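To keep things clear, I will list the structure first and then write my remarks on it.
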């Protein structure tokens, strides 16, 4: 199952992506099953981006923005939190475990934090199993 | 504006059962403002339907279309191409929009995607409050600009009732007592005398109680000759 | 054999008493109308009680126009407690037809739901929302149906709906167009409805040519064929002709399979009911 894992991480340039970058530079290890999508700010993330990732087979989706009250664009990470909550509600109604989607806040100097986030999502998928949509096949 | 709320997805999944090609039709007016029926919500609902379809092997083909105003025939006609090969339309406009769709596309199943609620206004982001009951005979001039028909749970015209406490309504401690608000407003305006007078029983004929309402603007109505000429031009 | 007693625009009980005494021997039960045509009159509840006191069996009409589900359920309990045993569920004439045009209507529930609600109260001792009743009402539940309203094809389905909602008996709108009524009855028989519910056909004795024309043109959901109008026009004594037509109609209706009884609506002409019943050979009435 591990080989098939697919986790999508929407990461903002200033927080999530910088943290991943620092983790890499620090040679910290994390699962290779994560696909990082860099965006200027998680405020750009819309509910539909999360749903689409799930529909395209992602086992989990996370959004990693800056620490709260520390967003480079003032409140982009607050927006992201609301949208993730919205996406989780919809997934629940559709019949997909909402635990597959999560939002994190991380600072650019917290390189150790990014592998933790990935580990968290990997262990969730290990508990939940693969995205049910992949079992059905499209 | 007209305020509406989403129907639970489970209800929509059930209602589109048996249809294959589904169009989600939105409206860029009121329901876009109250965040349930605009272009963005059309995209989200369409994606939710696709996700459910994929998950349950329903084979639904979901398309999207959002018009400027789904209550106006001129705009709704715009989507006739998109409606053509569709088995069902989920309209996430208000009930007026959904009915206009049905009128223009009488052979199509038009399913409501929203629960249309009231005529209201955004109070703060994400919160919408009912303001007007459309009773057809406005009395805001007597009530300090606050409508007791919908904002008082009993639609009292000579309130507040005995259930008014600390500015709140007896039905719910979160709901303000409209008559307390009216009192405060008239006091501010120096017109408390208005509250001393008995407001007589209301004439409900201009309201829903008189049957479905029709408003005619004589200056705008076209005569048969005018219609013919206009249609000829078109 | 049922007839109608219209409560007065008055607080005087004697008017109801007089009609009850006048009619009680000539019918099995009497509809007590509920602010008919939305004109304020003595309540059907009070008038039904006066009928009971006079030994006339009342059918209390209860429209959905003026009372919500709270009042309807509460009045049903009260009526049962005081000995009313028949209730007729109907939506009621719209208030804009009466003398309270500016009123707000209620229509919290409709007549089919009313039947269902009353049936549940009687048979399951439960009110809407499932609260239990210590003792349920004892009621024979009536409905109305109009074979002359549109769409005709749906009228029998609507009857079936009311039967499944709980109607024990159904009274029809006044029959003038026999041909259409027979078609309706035949469709009702095809669905076996005549065996599930007592169908009582309505008749209205015509007082004058004017009355006939009025019903033909002004009363929504009524069909008065031209041959009836013609007979009324030619008659030297319109009143007796009206009675004659009515008696003939009753005789005809009683021959139609599935018609269980006749309901005479002698609006403002109640005193003629005994004569009609006698001429139709339906007097004396069997004991209850």
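Each reported figure results from applying straightforward, stated rules to the coordinates on display, with no laboratory input. Computed from a predicted model, the values in this text were never measured in an experiment. Ideal geometry is used to build each Cβ from the backbone, glycine not excepted, and the neighbour counts take in all protein chains shown.
The convex hull drawn around the Cα atoms of chain C, when projected onto a plane and averaged over every direction, covers 14.8 nm².
To the nearest 0.05, how large is the calculated FRET efficiency for residue C:153 and residue A:119 if R₀ is 60 Å and r is the Cβ-Cβ distance? Working from the Cβ atoms, E equals 0.30. Between the range C:71-141 and the range C:235-288, the alpha-carbon centres lie 30 Å apart.
Using 7 Å Cα-to-Cβ label points, what is the residue C:189/residue B:199 separation (nm, one decimal)? Here the answer is 5.9 nm between the modelled labels. Site pair residue B:17 and residue B:170 shows an inter-label distance of 4.3 nm when each label is modelled 7 Å from Cα along Cα→Cβ.
Projected over every direction and averaged, the convex hull enclosing the alpha-carbon atoms of the range B:135-234 yields 10.3 nm².
The smallest convex shape that holds all Cα atoms of the range C:123-241, its convex hull, gives 137 Å³ per residue. Centroid-to-centroid, using Cα positions, the range A:23-98 and the range B:172-234 are 47 Å apart. Per-residue shielding of B:204-216, expressed as the average number of other chain Cβ atoms within 10 Å of the residue Cβ, stands at 3. Each 5 Å bin, from zero up to the one with the longest distance, holds this percent of the alpha carbon pairs of the range B:12-148: 2, 10, 19, 20, 16, 12, 9, 6, 3, 2, 1, 0.
For the peptides C:115-121, C:272-278, the ranking by packing is C:115-121, C:272-278, with the highest mean count of neighbouring Cβ atoms within 10 Å listed first. Based on every Cα atom in the protein assembly as shown, Rg and the maximum pairwise Cα distance Dmax equal 33.7, 115 Å.
Residue by residue along B:40-47, Cβ atoms of other protein chains within 10 Å of the local Cβ number 4 on average.
Take each residue of peptide A:92-99, count the partner chain Cβ atoms within 10 Å of its Cβ, and average: the result is 4. Taking every alpha-carbon pair under 8 Å whose residues sit at least 6 apart, chain C reaches a relative contact order of 18 percent.
Given a Förster distance of 22 Å, report the FRET efficiency between residue C:125 and residue C:82 from their Cβ-Cβ distance, rounded to the nearest 0.05. For residue C:125 and residue C:82, the calculated efficiency is 0.75.
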